[in-house]
Each structure stands twice: as C-alpha cells, then as structure tokens.
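Below is one structure, written out as structure tokens; comments come after it.
All of the numbers you see were taken from the coordinates with simple rules; none came from a lab. Since the model is a prediction, treat every value here as computed from it, not as a measurement. With ideal geometry, Cβ positions are generated from the backbone for all residues, glycine too; neighbour counts draw on all protein chains shown.
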Ligand SMILES: Nc1ncnc2c1ncn2[C@@H]1O[C@H](COP(=O)(O)OP(=O)(O)OP(=O)(O)O)[C@@H](O)[C@H]1O
Ligand SMILES: [Mg+2]
C-alpha cells in the first residue's frame, strides 16, 4: 500500500496533479483511490464525475470519493467542544478565548485525514492519492496530531483525575461541569485515531509530492513548505513543476519560457537530489478522465513514480568527523538566512522560516559545543566539538 499526498500553493494544480497521478497509476494496473481533503468539490469537477462519500469506480481500477467532513465533525468533535466551552467559561476564561481554544484547527481536513487513514488501514487499495489543501493549512494540519497528543496527554489525564475527585461536590452545583464519560471516550477515541493518522502519514510507504509553478513567488513558498515538511518529518519524494510553457519564438511566450527556465534551474540546484518532474502547460483545462489520464502518462513517462515505494533521503544523521561530530538534517530548498539554531541544554532548536523543531541530542553530542553550521546539498550540517569541561564531568 502506497500513499501519495499532494500539496502546494493555492491554484498551482494540486487537484489536477493528484487526479492525473491516480489515473496514471490505475492505467498501470494499481487499484487506486483518489480523495481530497478540500471541502470544495474540485476533485469531482476535475474528474468530471459526481462523487459521493463512498468510493466510486470512475474508471477501471480508479476509485474516487468525496469526504463528508460535516457529518464526520458532528460525529467526533461537537460533544467534546461544547463540554470544553462550558468548562473554560466556568473557569473564568473569556468566552472568545474559550472559543479559540476549543476550535479544532483545520477540522475539515483533520476529519478528511481520518477517512484517509481508515481507507489506508481497511481498504483494498494498492495506492491512495490524497489531494491536500494549500500549503499553510496542510502544514498546520499535518503537525496537529503532535499538538493533540500533547493536549490530550497533558491536559486530559490531569483534568480527569481532578474532576473525579471533585465530582461529588460539583454534582450539587447547577449545570454539567463534570463531563459525562462519553466525552472522555470521544476524546480518547479521537486521540487514538489521530495517532493512527500520524502513523499513516509518516509511514515509510507514504510520501509527499510538492506541486509548484516555476514562478519566483511560488518557488519561494515551495521552499518554505518543503523545509517545514522536512522539519516535521515528512518524506517528500518529488517536486512537480506544473504549467511549464513549451519553447516558443513568439516574444511574449519566449519571455515566460526564459523566466521559467531560470526558476527551474534554481529549484533543481537546491533540490538536494529530489526529482523535479515537469507538467507542460496544456492548451486547455485538463478536465475529465481522458485529459487527466493523458497528462498522467506524460508526467510519469519512463518514471517509476506512479505507485512505487521510494527510498527516502535519511532525515537525520550523525557522523563522526576528525574534530568531533556532524549532525545532518534534510532541509531541501532551504536558505541559510532563514535558518536559526539555538542550543538549549540537551536540545537543539532548529527554526526555519518560522517553523521550529526541537531535536533531542544523542548523549555524545550533549557533551559537545556547536562550532558551526552550513547548508550543503539540501542538508543542514551542524558541527559539534567535544567540550573538555563536559567530558570531564562523567
Ligand atoms: N498543466 C496545466 N495546463 C493547463 N491548465 C491547468 C494545468 N494544470 C492545472 N490547470 C488548470 O488550472 C486550474 C487550477 O488547477 P487545480 O484545481 O488542479 O489547482 P489546485 O492547486 O488544486 O487549486 P486549489 O488550491 O484551489 O485547490 C484548473 O482549472 C486546472 O484545470
Ligand atoms: Mg484543488
């Protein structure tokens, strides 16, 4: 079972690329499901068929579905949210703030991802292709299981114990302060399901394809996205450059061709060995199965990328050097000016373009000092040298 997630800036062609990839994979004999975390019905529009909340076979071996996030939300989170709201308001938290705190960020997409993980774990698929929301949202959402784990593990057990203790007293106070067991059950169920989502998303058989168009603004955002995906531990296995103009002698188009070639060269130079596939600008909107199948065939011509596992670049590594150690972190397309490193005891905080990740240092590195860092070949290399004072201590 292979899972491919498509993301990228708004409008770059995520839905088109996801549908074309699914069509290409089905044409090569993989039983494929394509679904979108986008509540808009754009996947159905791109395929040119009506979709429902159950997988529908739209072509031989090609299935597509539309996640009904609203219905899923009602089922999973509503009771938890109303309970939390009541509790926070009673605790004197400002109503607006309470609302903020209890909103499940990116709920539609979280719920869509629950469906993805359900399909991955129980479905009959060789390949599941997911058309994700634009960059920012997707990132938040992809990081969410970690945030929820933190929330559930730290807040709920303590609250549960405290509430159990005061339950007899509180039951005399008007209003339901003590949550019913089903609220806890719902939270715990959600927590378990989100852990499963994270497992599916970070599995070795799951990878992300970042769609971009070869324009400076889009490439700049793609750099940030790629870096934060790497920081969060996602494997990116290819970049898809969409809407690439064909060579032309006509001055207007020739200007675009030259500008795109320049951006593509920059992307290739910094991609750290990631394949950069090109999707030509079509003379019309590639809508409907025949157009998408053709596009998919062109995109993956001669490539084993439609549904085969990839060997991901190791995300994190430590190597011995003559002077000490070198820690390396995959950060394709990152710029050194966007990277900030802070050492705090046993942890190294890596911040890239506003995204932060804490790396727990292995014991050998804890007793070293950081002596420098460079970005080379899509990796951040941090040099560590033994600190004699620290090595003396033990
Ligand atoms: N290579 C291409 N040539 C011509 N038109 C294209 C190409 N790729 C995508 N399009 C068209 O561009 C539009 C946007 O594409 P698409 O919906 O796939 O983008 P998206 O990234 O999913 O957008 P959103 O962020 O809104 O979900 C669509 O009308 C699509 O048919
Ligand atoms: Mg889309």
Modelling each spin label as a point 7 Å along the Cα-to-Cβ direction, I'd like the residue 121/residue 265 distance in nm, to one decimal. 5.0
Along the Cα→Cβ direction, 7 angstrom out, place labels at residue 356 and residue 321. What is the inter-label distance in nm? 2.6
Proxy exposure order for 125, 256 (fewest C-beta within 10 Å first) is 256, 125
Which order do 232, 63 fall in if you start with the one that has the fewest other Cβ atoms within 10 Å? 232, 63
Based on the Cβ-Cβ distance from residue 366 to residue 281, what FRET efficiency comes out when R0 is 45 Å, to the nearest 0.05? 0.30
Compute the relative contact order of region 210-339 as a whole-number percentage, counting only Cα pairs closer than 8 Å that sit 6 or more residues apart in sequence. 30
Calculated diffusion of region 316-393, Stokes-Einstein form, Kirkwood radius summed over Cα pairs, 4 °C and 1.567 mPa s, µm²/s: 101
Going by how many other beta carbons lie within 10 Å of each one, how would you line up 368, 340, 132, fewest first? 340, 368, 132
Stretchable slack from residue 342 to residue 202, in nm (0.36 nm times residue separation minus alpha-carbon distance): 47.8 nm
